[in-house]
Amino acid sequence: MKKIIITLMGLFALVACGEDVSQSQTPELNKVVPGTDPKATSDSGGVKPFTSVNGYDSPWDINNVVPVQHYFQCHLFSQQGVYTRVTPYIGLAYYDGANDGTYNGVNLAGGYPNLYAGGNEYGNYIAANPIVLTGTSSTHELAVFSDWVTPQANDHCPVIPSVYQYPYNPEPIFFDLVNNNMVKPAALGLPPITPPPSATPQEVQLLKDFGKVMYYKIEFGSNPTVFTDTFYVLGLQDDSGDAIQNSLSVTDTFGGDLYWHISSREIIVDPTTVANPDFVVSGGDMPTAVGSFRARTFYLDGFVRLYIE
């Protein structure tokens, strides 16, 4: 399976991220998007604070719950005519001290059937709407983050609509957990899909405040409605194991063992334990019927990034 690379992109000029990222795939944001300069607001943009240990940088920190920004980059359609569809899977980002059915004072037994499936607060994920990354409708380079101007600027995870339009997200697209049958961008006019169960209003609100993209489903095809190959990657992968410190004694729905970082309380998946047969580690090969690709996820300049090439 080829590799897909998702990357978090700063709201200012993007730079090449490592020698394996080609010049043509380097984002060309050469100026700060108005109203999104991470330096304009203290602790904004996910630039600081963030967990930083050997091999793992992350913007998730329970002590500083700021908006987390996401950036997708994929040029396979313009270069090879390959359609790529990405579906985020979102769950709770932090360990609250116990797996007792009450998360930060919220009783999950009422109104949280997806997040509290199997009697576990952790390891259950809800699929957001799929996003097709093509040169059409400006989604081959797509930045997804909460509105920095309106009161929802404090949204930790962008699961509710934002009215802030900008060149790298003109619709704008967000991680829609309720209408997750609707394929984005809407400008493509693609038919709805049959999705996994959608989130309840209560789950949307909780994930808005404490959510994290845990996995991405990545699909490839030669047709925007027919995808022949499917892979899964972590939303952000700890390559060194240094951030995997304390076991939750919980295995998630993809078969991955969950840990939490002692300082940030961020929940982290051990990639060596994921049992899903379609799972690929960040940077791993993904051979498909339409070509061989790679995906890489990492954190840089305030954005959690997914690069697919």
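Structure summary
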quantity	calculated
Residues within segment 61-103 that are in contact with a Lys or Arg (Cβ under 6 Å, 6 or more places away or on another chain) and of a type in the set (Phe, Trp, Tyr), tallied	3
Pair list, Cβ < 6 Å and 6+ apart or interchain, from segment 230-255 residues that are more than 22 Å from residue 278 (Cβ to Cβ) to residues that are of a type in the set (Ser, Thr, Tyr) and in a loop (DSSP other than H, G, I, E, B)	248/122
Hey, residue 306 modelled with pLDDT under 95 and either crowded, with 19+ Cβ neighbours inside 10 Å or hydrophobic (A, V, I, L, M, F, W, C) (or both) or not	no
Unmet requirement for residue 50, which otherwise passes all of (1) at pLDDT 90 or above; (2) open to solvent by 20 Å² or more (accessible area, probe 1.4 Å)	(1)
Contacts under 7 angstrom Cβ, first residue in segment 170-198 being of a type in the set (Phe, Trp, Tyr), partner open to solvent by 50 Å² or more (accessible area, probe 1.4 Å), 6 or more apart	174/161
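The values are calculated or read from the model by the stated rules, or taken from the named source; none is laboratory data. Everything quoted here is computed from the prediction, not taken from an experiment. Please note: Cβ atoms are built from the backbone with ideal geometry, for glycine as well, and neighbour counts cover all protein chains shown. What goes into the accessible areas is simple: the full protein's heavy atoms, side chains included, and nothing from ligands, DNA or RNA. Shrake-Rupley method; radii C 1.70, N 1.55, O 1.52, S 1.80 Å.
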